[in-house]
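Worksheet: one structure, shown below.
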Amino acid sequence: MAKVDDLVASTKAAHDRYVSGRMDREIVRAWILGLGEYPAPYGQAVLDAKAWFKPGRHDVDATELKLADIERLHSIYVPSLTS
C-alpha cells in the first residue's frame, strides 16, 4: 500500500506544481512515462496518463493541452472507483 500512497502524494504534488506553473509539461511528461504498474483503481488512470503524455500532441491548443494534462493527473490521485 505504501507504493500507492507514494503515487497519490507524488501525483498530487506534481499536479499542484504544474497548475501553479512551477513545473513544466516536459518534466511532468517524463515523470508520468517513468511510472510503473499500479493496482486498480490507480493502474488504469496511470496507463491512460502514459498514453496521453506520449509525444505528438502538437495539434492541440496550449491551453486545452494543459487543461487535459491537469485532468489526467487529477484522475490518478482521485481515481474513478468504477475503473
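Looking at L73, L67 in this structure, which one is over 11 Å from the mean Cα position of the chain (by Cα) and under 18 Å from Y18 (Cα atoms)?
L67
To keep it simple, each residue is scored yes or no on (1) touching a helix residue (DSSP H, G or I) at 6+ places or on another chain (Cβ under 6 Å); (2) under 15 Å from I70 (Cα atoms); (3) at pLDDT 95 or above; (4) of a type in the set (V, I, T).
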position: A2; (1), (2), (3), (4): no, no, no, no
position: V8; (1), (2), (3), (4): yes, yes, yes, yes
position: A13; (1), (2), (3), (4): no, yes, yes, no
position: S20; (1), (2), (3), (4): no, yes, yes, no
position: P41; (1), (2), (3), (4): no, no, no, no
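Look at segment 25-77 and say how many of its residues are among the aliphatic types (A, V, I, L, M), surrounded by 14 or more Cβ atoms within 10 Å (Cβ to Cβ) and outside any helix (DSSP H, G or I).
Number satisfying all stated conditions: 1.
Restricting to segment 15-31, count the residues that are of a type outside the set (D, E), more than 16 Å from K3 (Cβ to Cβ) and free of Cβ contacts under 8 Å to residues at least 24 places away in the same chain.
Total meeting the criteria: 7.
Can you confirm whether E26 is of a type in the set (D, E, K, R) and in contact with a helix residue (DSSP H, G or I) (Cβ under 8 Å, 6 or more places away or on another chain)?
no
If I go through segment 32-60 residue by residue, how many of them are over 10 Å from the mean Cα position of the chain (by Cα) and under 15 Å from K3 (Cβ atoms)?
Total meeting the criteria: 9.
Return the total of residues in segment 11-22 being surrounded by 16 or more Cβ atoms within 10 Å (Cβ to Cβ) and over 13 Å from the mean Cα position of the chain (by Cα).
Going through segment 11-22 one residue at a time, the tally reaches 0.
Of everything in segment 19-58, what is within 14 Å of R72 (Cα to Cα), in contact with a Leu (Cβ under 7 Å, 6 or more places away or on another chain) and of a type in the set (F, W, Y)? Give them in sequence order.
Residues satisfying the conditions are Y42, F53.
The values are calculated or read from the model by the stated rules, or taken from the named source; none is laboratory data. Values in this document were obtained by computation on a predicted structure and should not be read as measured data. Cβ: placed from backbone, ideal geometry, glycine included. Neighbour counts: every protein chain shown.
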